[in-house]
Amino acid sequence: MDNPAQAGNSNASPEILLSIVEQVLSRSNDFAGSIGTTIQGNTPGVESIGHANDLCNAITQLTSNSKGLSQLFTDEDMEGILISTKSSAGAVKEFPIRCNLHSLLAPQQLAKLLQ
């Protein structure tokens, strides 16, 4: 988001961004559900890693399209959207750490989850 050399998706539109926000919400719910079943001991965590990858891909699309959409608006108009996008991406990255997933997953699984 902070790299000026990366312009984001130049074909981004408000409609595309809204669709991606809905995807991020869906992927985060899937991930949260899989973490819950992992914590309960019903799955070994492999499903959670798959859902984490899906969520990370959706967040990547969100950041790229948010930055691309910024080309259509003034800096003042886009400041709130870009701050929210950065905050969302940061929260996704910190989530496994805050949930103490390191105590639930093998080190290799946690490393893959945090990539």
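The values are calculated or read from the model by the stated rules, or taken from the named source; none is laboratory data. Given the structure is predicted, the values throughout are model-derived calculations rather than measurements. Backbone-built Cβ (ideal geometry, glycine too); neighbour counts: all protein chains shown.
Descriptive notes on the structure:
- Residue that is surrounded by the most Cβ atoms within 10 Å (Cβ to Cβ), among those in segment 46-62 that are under 18 Å from ALA89 (Cα atoms) and hydrophobic (A, V, I, L, M, F, W, C): ALA52
- Residues that are of a type outside the set (Ser, Thr, Tyr) and in contact (Cβ under 8 Å) with a residue 12 or more places away in the chain were ranked within segment 9-18; the one that is surrounded by the fewest Cβ atoms within 10 Å (Cβ to Cβ) is ASN11.
- Take the conditions (1) under 26 Å from ILE16 (Cβ atoms); (2) surrounded by 14 or more Cβ atoms within 10 Å (Cβ to Cβ); ASN29 misses just one of them, which is (2).
- Long-range neighbours under 9 Å by Cβ, at least six apart or interchain, first residue closer than 17 Å to VAL21 by Cβ and of a type in the set (D, E, K, R) within segment 68-97, second modelled with pLDDT of 80 or more and buried (at least 17 other Cβ atoms within 10 Å of the Cβ): LYS86/THR63; LYS86/SER66
- Filter pass, THR43 being surrounded by 12 or more Cβ atoms within 10 Å (Cβ to Cβ), at pLDDT below 75, farther than 18 Å from VAL92 by Cα and of a type in the set (Val, Ile, Thr): yes
- In segment 19-47, the residues that are on the phi > 0 side of the Ramachandran plot reach residues that are part of a helix (DSSP H, G or I) with C-beta atoms within less than 7 angstrom, at least six apart or across chains, in these pairs: GLY45/THR38; GLY45/GLN109.
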